[in-house]
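Where a number appears in this text, it was derived from the coordinates with a stated rule and is not lab data. Since the structure is predicted, the reported quantities are computational estimates derived from the model, not experimental observations. All Cβ positions, glycine included, derive from the backbone under ideal geometry; neighbour counts span all protein chains shown.
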């Protein structure tokens with residue numbers, strides 16, 4: 001019998017930028033041109049049925065106009081879609097369209113989209129780059145930042161997944177104006193949780209400016225986005 005040791009030492013820098021602003025699609029395209037995801041030329045834009053027309057298709061159109069290849073993959077909006085079946089359906093659709101390891105995933109939407117698309121990117125071709133274009137306060141506060149990706153099952157929430165960092169996160173505050181008030185409240189609740197845990201200054205700001213946030217005031221939304229990071 002023989003026994004030997006496989007020595008594996010790995011040093012990885014998964015650092016990435018978070019850009020906060022209004023109307024950031026052109027900025028994202030420029031970053032891609034400047035090598036954000038290396039030499040990738042094929043982009044799978046993944047979004048849900050709520051975001052499709054407003055941001056998903058515009059992102060795809062800009063990708064194509066810049067000379068890249070791309071396709072839009074849309075699933076039904078809502079937490080019920082954040083399951084293995086949806087991930088499998090998108091993976092099969094990507095494979096059918098010729099997507100392999102030479103692609104990049106762009107997640108356009110809120111937390112459900114970034115969770116699902118991030119998990120897919122981390123396993124497709126044993127890992128392809130992913131960019132998050134966050135369109136909700138909840139995604140800006142939590143889901144798109146930190147690399148947490150997962151799907152739900154009947155037995156557990158967010159336990160099937162992995163930590164997989166994006167190449168960059170774009171937080172488009174303009175998109176918050178399209179959200180129902182309850183979605184803004186959900187994101188604000190997550191922000192309050194962050195403040196309670198670690199940021200007294202943010203908590204004080206929220207007490208004084210919560211109405212500005214719910215009315216999508218640019219200055220207030222930028223402030224909480226920066227502090228959520």
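Structure summary
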{"read-out": "Cβ-based exposure ranking for 142, 212, 217, in which fewest neighbours within 10 Å come first", "value": "217, 212, 142"}
{"read-out": "For the chain, built as a Gaussian network whose Cα springs stay under 10 Å, the top-fluctuating residue of 156, 66, 77", "value": "156"}
{"read-out": "Residue with peak Gaussian network fluctuation, the chain [Cα springs, cutoff 10 Å], from 133, 200, 164", "value": "200"}
{"read-out": "Residue order, fewest to most beta carbons within 10 Å, for 46, 160, 173", "value": "160, 173, 46"}
{"read-out": "Cα shape, segment 2-44, gyration tensor, a/c 1.5 rule", "value": "prolate"}
{"read-out": "Between 0 and 90°, nearest 10: helix 181-198 axis offset from the chain longest Cα axis", "value": "90 degrees"}
{"read-out": "DSSP beta bridges in segment 17-176 [antiparallel fraction, %, rounded to 5]", "value": "10 percent"}
{"read-out": "Chain lengthening between residue 101 and residue 219 when straightened (0.36 nm per residue, less Cα-Cα)", "value": "38.5 nm"}
{"read-out": "Long-range tail of P(r) for segment 181-228 (Cα pairs > 17 Å, %)", "value": "19 percent"}
{"read-out": "Kirkwood hydrodynamic radius over Cα pairs of the chain, then Stokes diffusion coefficient at 25 °C and 0.890 mPa s, in µm²/s", "value": "135 µm²/s"}
{"read-out": "Value at 222 nm in deg cm²/dmol, rounded to 500, when DSSP H runs of n ≥ 4 in the chain each add -39,500 (n - 2.57)", "value": "-12000 deg cm²/dmol"}
{"read-out": "Between 0 and 90°, nearest 10: helix 218-228 axis offset from the chain longest Cα axis", "value": "50 degrees"}
{"read-out": "Radius of gyration and Dmax over the Cα atoms of segment 28-68, both given in Å", "value": "10.7, 31"}
{"read-out": "Max mean-square fluctuation residue, GNM over the chain, Cα-Cα springs under 10 Å, options 15, 81, 49", "value": "15"}
